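Written out below as structure tokens is the structure these notes cover.
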Amino acid sequence: MKQFVKLVRPYMVWLVVMVIVPLLLIVLYSVTTGGNDLVNIQFTLDNFKKMTEPIYVAVFVKSFQLGLISVGICLVAGYILAYLITLFSERVQGLLILFVTIPMWINTLLRTYAWICLLSDNGIINTVLGLFGIEPVSMMYTDFAVILGLVSDLLPFMVIPIHTSLCKIDHSLHEAAMDLGANRFQTFWRVTFKLSIPGVLNGIIMTFLLSISTFVIPKLLGGGQYMLIGNLVETQFISVGDWNFGSAISVILAFIILIAITCMKRIDKEEIEEE
């Protein structure tokens, strides 16, 4: 195997240049003041303190609100879909999971524009409602449009981990519960759902982190009036030019993601130990 070690070197160089160096630069920007050079650099924590201002606290609160609502809808719809998929044979399950993941092959921007065509005042939905004599409803630039876009975009990230956990459950446990006098609901709640909790938690963590960090969907379906965490970072880097504050927000997001990944690894480790 030693003769293959040299093949790893190009990847390590790419990892350092494209991942580690940019991350270090973001951390450096987050703890320095704008406009200084490396010769006369000045460190500060004002970029992190700035996030405590009411206007930015409101951005975080709004992001968490929409994120939690989206996660709740994805959890209910995703669990039902994943459970229904497990009722089929393994070959059919693979095909159904493929159908779930197919939307992920399409660019997020294209999918968002498709929702604009459906939800706009002159869109397909209002056109169909007009054919039945129903007054058109304004759905664009609302919480409903943003949440709908988030749910449709993030639903596969909830279905796949839950389906994986459900597939690992031994069906003999269901039979044992029924033999012990449990009805269908008790069997589902005390056996199926309890054993699928690792997949549920993984799905919740992934969908929540993606929902609060995305910026395309709130920007297009929200009409620019929704400033979420992802939009705030984009604005600081592209429009305002305050890379230091944008880097500070990015560091906080990276810290949250790191904690979430650690929790996911611990959950997976506990699940393996139980098996």
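The values are calculated or read from the model by the stated rules, or taken from the named source; none is laboratory data. Not measured: the values here are computed from a predicted model. With ideal geometry, Cβ positions are generated from the backbone for all residues, glycine too; neighbour counts draw on all protein chains shown. Please note that ligands, DNA and RNA were not included when accessible areas were found on the heavy atoms of the full protein model with its side chains. Shrake-Rupley method; radii C 1.70, N 1.55, O 1.52, S 1.80 Å.
Taking amide hydrogens as placed 1.01 Å from N in the peptide plane, the amide H of T32 sits under 5 Å from those of T44, each at least 5 positions away in sequence or on another chain. For the stretch 1-136, the gyration tensor built on C-alpha atoms gives an oblate shape. Its axis ratio a/c (a ≥ b ≥ c) is at least 1.5, and a/b is not larger than b/c. Remark: the chain is approximated by an ellipsoid whose semi-axes, taken from the C-alpha gyration tensor as √(5λ), come to 38, 30, 19 Å, largest first. Projected label points at I106 and H174, each 7 Å from Cα along the beta carbon direction, are separated by 3.3 nanometres. Short-range pairs are left out: with C-alpha atoms under 8 Å and at least six residues apart, the relative contact order of the chain is 26 percent.
At 222 nm, what helix-only mean residue ellipticity would the chain give, in deg cm²/dmol to the nearest 500, using -39500 (n - 2.57) for each DSSP H run of four or more? Working shown, then result.
On the way: 14 runs with 185 residues, N = 275.
Here the helix-only value at 222 nm equals -21500 deg cm²/dmol.
What is the percent carbon and sulfur in the accessible area of the chain, measuring with a 1.4 Å probe over the protein chains and ignoring ligands? All intermediate terms of the calculation are to be shown ahead of the outcome.
Working: 12040 of 17170 Å².
It is 70 percent, rounded to a whole number.
Label-to-label distance for V92 and Q65 is 4.3 nm, based on points extended 7 Å past Cα in the beta-carbon direction. Excluding ligands, DNA and RNA, the accessible surface per residue across the chain is 62 Å² with a 1.4 Å probe.
The trypsin sites (Lys or Arg not before Pro) of the stretch 128-212 that DSSP puts in a loop, and whose beta carbon has at most 14 other beta carbons within 10 Å, are K168.
Label separation (F193 vs I125): 2.9 nm, computed from points 7 Å beyond Cα along the C-beta direction.
For H171, the solvent-accessible surface computed with a 1.4 Å probe is close to 120 Å², ligands and nucleic acids excluded.
A protection proxy built from the mean count of other Cβ atoms within 10 Å ranks the segments 198-204, 70-76, 98-104, most packed first, as 198-204, 70-76, 98-104. Whole-Hz Karplus values for the stretch 218-230 come out as x, 5, 8, 7, x, x, x, 8, 9, 10, 9, 4, x Hz, taken residue by residue from phi with 6.51 cos²θ - 1.76 cosθ + 1.60 and θ = phi - 60°; glycine and proline positions read x.
Which helices, counted as full DSSP H runs in the chain, have an axial Cα extent of no less than 30 Å and a Kyte-Doolittle average of 1.6 or above? Working shown, then result.
Working: long enough: 54-86 (46 Å, 1.81); 143-167 (34 Å, 1.63); 243-274 (46 Å, 0.82).
What comes out of the filter, once short or polar helices are dropped, is 54-86, 143-167.
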